[in-house]
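Peer 1: Pasting in a structure now, in C-alpha cells, and then I'll have a few things to ask.
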Amino acid sequence: MEFKSINPYNGEEVGTYTGLSDTALDAKLKLAKEAFTKWKKVPLEERAKLMSKAGEVLKENVEKYAKMITLEMGKPISESRGEVNKCAWVCEYYAENAQEFLKDEVIETDAQKSFVRHDPIGAVFAVMPWNFPFWQVFRFAAPTLTAGNVGLLKHAANVFGSAEMIEEVFTKAGFPEGVFQNLIIHHDKTDKIVKDDIVKAITLTGSGRAGSAVAEIAGRNLKKSLLELGGSNAFIVWEDADIDKVVKTAITARMMNCGQSCIAAKRFILLEGIYDEFVEKFTVSVKDLKDGDPLNEDTKIGPMARKDLADELNRQVNESVALGAELLHGGNQKECYHEPTVLGNVTPEMPAFKEETFGPLATMIKAKSIEHAFELSEQSDFGLGVTVCTEDIEKALSMAGEVSDGAYFVNELVKSDPRLPFGGTKNSGFGRELAKDGMMEFVNRKTVYVK
Ligand code: NDP
C-alpha cells in the first residue's frame, strides 16, 4: 500500500511512503520487545541525557523540520518553527524533571518500609493527528520514553514525511534501535498492534470517531487508553474587560494554525454590553490577517490541511447561516483554502455552536449575564478548556468551579505548556498529558512493602 502526502497549498506531492507488510510489521513489534528489555535497564540518568540530546537535534534542524510540517499540512512557517522549538522544550523539561517525578514515594504505614516505585510498562502505541505533527508526538514520546518505555507511532496518513523525521530525531540523538519506531500503516492495523503482548497502552489524539474506535479495541484487549479529542472551547468576555487587549488574544486563540487546534477558542461568548464593540474590532482584525503561501514569512492564514476538512467547515458555516447566523465576514472556500470567517448571533442549535469547528471560523454568541455565559459554555459535548476575560481576577477565580472542562484560563488563551497537565472531560477524552501527570499515565506505580 502506498501513501502520498500532498501540499495543501498547491496540490503538489510532497512524498510517497510505502506501507509496511504484515511481516515487516511483525518484525517491528519483535524489535520493540527486544528494545524494551534493554531500554528499561538503562539508568534513568542516561535515558534523560538522550532525551536532552533529542531536544538539541530538534533545535539544530528547526528549518528542515519546520519546512516539512508546512509542506505537508499548510501551517504558516513561523508557526512551524515555533512548534519544533516547543518540542525541544518538552524534551528538555522531562530530561530535567524525570528524576524527581520517578523517584520512590515513601508512604508511612505499619511496615518497616513501604513506598511506591515507578516502573516502565512496555510499548505505548501512539495514534497521532496532522494538526501539530511534531508536537502531538513529542508530547507523548518525551515522558514515555524517558520513563523507560518504548514507543510505536502511527501518524496521520497525510504527514508521514514528518513521522519519518521524528524517528530520525531519536536516531540522531543516539537512542538505541527500536526504542522509537515509526510505522507506515493504515489505521486498520490498529487491532493487530493493540493485541500484541508488547503493547501495554494506547494514546490517541484526534476525532471522537477515531478515539472511540481505538478505545473500544483497547478495552476489548484490556489495555489502557488515553484520549485527547476535539474541543469547542468557550472564550467568555465580561463587560469590564479591556477589549483591545482581549481581541488580540482572541485572534490568536482562534486563527492560529488556521483554526485547526483542539484547544482553539471556538465559541466567543460575549456579555451584551460589549458584544458590538468586540465583534466589530475582532472582525477588523480578521480582515487584516494576511493569507497566502504558508512558506512566506508574513503569511498568517494558509490553506487547511485537506480539502475534506475545508468542505466540512464550509458546511457548518452554510447550515448555521441557514439557521439564522449572521455572516459578518468570509464564508468562501476554494479547494483547501477556507476564508477566515466570522458569524454573529450564533445560537445553541446551530452547527457552529454545537459541533467542533476545526478551521478559521469564529462564532459570536450573546450572553445576558455572567451566569448565562457560563451556562452557554457548559452547553457543549466537549470539555477541553475555557477562557474568561475580565479585570476582576478574584471573581473569575471564584467561578472556576462552574466549568466542567479540563482547563480554566483567565485573560489568556487555553494553551499547552510542558509544566501543566493537559487533557479534557466529556467528549474531549480522558487522561492527562504533560507535567508529572503525563509521565504517570504510562508507568506501573508499584507498591513495595517490607514487614
Ligand atoms: P482522525 O481522528 O480521523 O485522525 C487522527 C488519527 O486517528 C490519524 O492518525 C488517523 O489515521 C487515526 N484514525 C482515524 N480513524 C481511526 C480508526 N478507526 N482506528 C485507528 N485510528 C484511526 O481525524 P481527521 O484527520 O479525519 O480529522 C477529523 C476531525 O477530527 C477534525 O475536523 C477535528 O474535528 C478532529 N481532530 C481533532 C484533533 C485534536 O487535536 N484533538 C486533531 C485532528 C483532528 P488516518 O490518517 O490513517 O485516518
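Peer 1: Please report the net charge: other residues with Cβ closer than 10 Å to the Cβ of Gly383, K and R +1, D and E -1.
Peer 2: Around Gly383, the surrounding residues sum to -2.
Peer 1: Sort Ser232, Ser21, Ser285 by heavy-atom solvent-accessible area, probe 1.4 angstrom, most to least.
Peer 2: Sorted by accessible area, descending: Ser21, Ser285, Ser232.
Peer 1: Sort segment 233-417 into rounded, prolate or oblate with this rule: let a ≥ b ≥ c be the square roots of the eigenvalues of the Cα gyration tensor; rounded if a/c is under 1.5, and if a/c is not under 1.5, prolate when a/b is larger than b/c, oblate otherwise.
Peer 2: prolate
Peer 1: Would you tally the net charge around Lys354, using a Cβ to Cβ cut-off of less than 15 Å, leaving Lys354 out, and scoring K and R as +1, D and E as -1? Let's see the in-between values first.
Peer 2: Working: positive: Lys266, Arg267, Arg315, Lys426; negative: Glu312, Glu319, Glu349, Glu355, Glu356, Glu375, Glu378, Asp381.
Local net charge: -4.
Peer 1: Now for a separate question. How far, in degrees from 0 to 90, does helix 62-73 lean away from the longest principal axis of the Cα atoms of the chain, to the nearest 10?
Peer 2: With rounding to tens, the tilt is 60 degrees.
Peer 1: Can I ask one more? Considering only protein heavy atoms, what is the solvent-accessible area of Lys334 at a probe of 1.4 Å, reported in Å² to the nearest 10?
Peer 2: 150
Peer 1: Right, here's the next one. Percentage of Cα-Cα pair distances in segment 190-323 greater than 27 Å, rounded to whole percent?
Peer 2: 41
Peer 1: While we're here: Once each part is reduced to its C-alpha centroid, what is the distance from segment 19-70 to segment 208-236 in angstrom?
Peer 2: 24
Peer 1: Quick one: accessible area per residue over segment 233-417, 1.4 Å probe, rounded to a whole number of Å²?
Peer 2: For segment 233-417, the per-residue accessible area is 40 Å².
Peer 1: Rounding to the nearest 10 and keeping the result within 0 to 90°, find how far the Cα-based axis of helix 22-39 lies from the longest principal axis of the chain.
Peer 2: On a 0 to 90 degree scale, this one is about 70.
Peer 1: Using DSSP to define loop residues, name the GluC sites (Glu not before Pro) in segment 320-360 whose beta-carbon has at most 11 other beta-carbon atoms within 10 Å.
Peer 2: Filter output for segment 320-360: Glu349.
Peer 1: Starting from the Cα coordinates of the chain, work out the convex hull volume and express it per residue in Å³. Intermediate results must be reported in sequence, preceding the final value.
Peer 2: Details: hull volume 65.8 nm³, N = 451.
In the chain, the Cα convex hull volume per residue is 146 Å³.
Peer 1: Convex hull over the alpha-carbon atoms of segment 337-402: what's its volume per residue in Å³? It would help to have the intermediate numbers written out before the result.
Peer 2: Details: hull volume 7.4 nm³, N = 66.
So the per-residue Cα hull volume is 112 Å³.
Peer 1: Something else about it: Equivalent-ellipsoid semi-axes (√(5λ), Cα gyration tensor) for segment 154-212, whole Å, largest first?
Peer 2: 22, 16, 10
Peer 1: Cα axis of helix 160-173 to longest principal axis of the chain: angle in degrees, 0 to 90, nearest 10?
Peer 2: Roughly 50 degrees between the two axes.
Peer 1: Which net charge results for the neighbourhood of Tyr275, defined as the other residues with beta-carbon distances under 10 angstrom from its beta-carbon, given Lys and Arg at +1 and Asp and Glu at -1?
Peer 2: Working: positive: Lys366; negative: Glu239, Glu272, Asp276, Glu277, Glu280.
So the surrounding residues net to -4.
Peer 1: In segment 233-417, what percentage of the DSSP-assigned beta bridges are antiparallel, given to the nearest 5?
Peer 2: Close to 20 percent.
Peer 1: Give me the accessible area of Asp244, 1.4 Å probe, in Å² rounded to the nearest 10.
Peer 2: 90
Peer 1: Antiparallel DSSP bridges in the chain: what percent, to the nearest 5? Before the final figure, lay out the partial values.
Peer 2: Values: 25 of 64 bridges.
DSSP beta bridges in the chain are roughly 40 percent antiparallel.
The values are calculated or read from the model by the stated rules, or taken from the named source; none is laboratory data. These figures come from a predicted structure and were not determined experimentally. Because the Cβ atoms are built from the backbone with ideal geometry, glycine has one as well, and the counts that use them run over all protein chains shown. Remember, those area values only see protein heavy atoms, side chains included, never the ligands or the DNA or RNA. Shrake-Rupley method; radii C 1.70, N 1.55, O 1.52, S 1.80 Å.
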